[in-house]
Amino acid sequence: MQQGGSSSPSCSASTPHCFPLGHLNAAACGSETSPEPQKHEVNAHSAPAGLSRMRPIIIFYTWYLLGLALSVACVVCVCVWSSKWRGGFAWNGSGLQFNWHPVLMVTGLVVLYGNGAVLYRVPLTWGQNKLPWKLLHAALMLLALILSIVGLCAVFDFHNANKTPNLYSLHSWIGIAATALFAIQWVAGLAVFLLPCSPISLRILLKPVHVWMGGSILSLSIAACISGINEKLFFVLKGNTNGTLPYNALPPEAVLANSLGVLIVAFGMVVFLILSNHKWQRPDSRPEDMAYTPLLQEESE
Ligand code: HEM
């Protein structure tokens, strides 16, 4: 998922819209092939200017590291909730099988998905051949898809084992829509952006759709997580009936699960912030530079 809506000028050493990467040159901006190393002129008088040109990179990595920290916090939080407060994991149709559901959905459809989405924005990757990063993007998204499908199997199987109706809640409708769109998006992305036989005109046409759909899927995933967390807390924190404090007494479990929701929203906000800044867009991903060669051709070059 990349941001494709903005049209900034092509990259050059003098263009303020690009990061001042020493290894990034015009070849890297317009092509997916490895760029020739090219030295930029540096003299003593340009040091303050160089520092100020480093600012966007420093700001990017600050947000990126915050996103990584939030990723770890989300996974730790959902694992602690499921294992410490909900009894751990099993695959036997019991409530312990359900516990795989939040862990796999948060890890797959939020954390891995969000990190896969911002991969092309990391300036470190810009001066290099795009192919390995495309493959890593596709692999991260495939792993995210597999985890979320296993997470859905856990809850469907749990419902079937306990004769609970399927797909009755708003949460399940939003969740199933997110996962279905993600599966379609992954297959379409593979066919259009990775297969060498796909025409460039089709890539250019579908790029904005891919970007828009990618953002929509992340929004749906976050909405599904928030509604799922809330639903689960209402189910299990019933007060006197099952020995727990009620949700409205804000027991420690509710504090942890509410915090998980806040962390997920914060992570989503960081991902959208990174995606919405066109200065952090890989130069050869910008619309005017889309006329690259298909991948397999590129590999043989
Ligand atoms: C992107 C994330 C998520 C997606 C796509 C998703 C999707 C789904 C789907 C499709 C169902 C229906 C299963 C069936 O009908 O048999 C379901 C059930 C459920 N999910 Fe999630 N879920 C997500 C995250 C979460 C999280 C983080 C929790 C927190 C505990 C959660 C809690 C529940 C609960 C309690 C149910 C059973 C009740 C119901 O069907 O609504 N989900 N989920």
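Derivation of every value follows stated rules applied to the coordinates shown; laboratory data play no part. Remember, it's a predicted structure, so these values are computed and weren't measured experimentally. In this analysis, Cβ positions are derived from the backbone assuming ideal geometry, glycine residues included, and neighbour counts consider all displayed protein chains.
Observations, loosely collected:
- Between Thr125 and Val72, the simple spin-label model (points 7 angstrom out along Cα→Cβ) gives 2.1 nm.
- Note on Leu195 and Asn277: with the Förster distance fixed at 22 Å, the Cβ-Cβ geometry gives a FRET efficiency of about 0.15.
- Take 59-65, 99-105 and order them by the average number of nearby Cβ atoms within 10 Å per residue, most first; the result is 99-105, 59-65.
- Ignoring lysines fewer than eight residues from Lys207 along the same chain, the ones with Cα atoms less than 27 angstrom from its Cα are Lys130, Lys134, Lys279.
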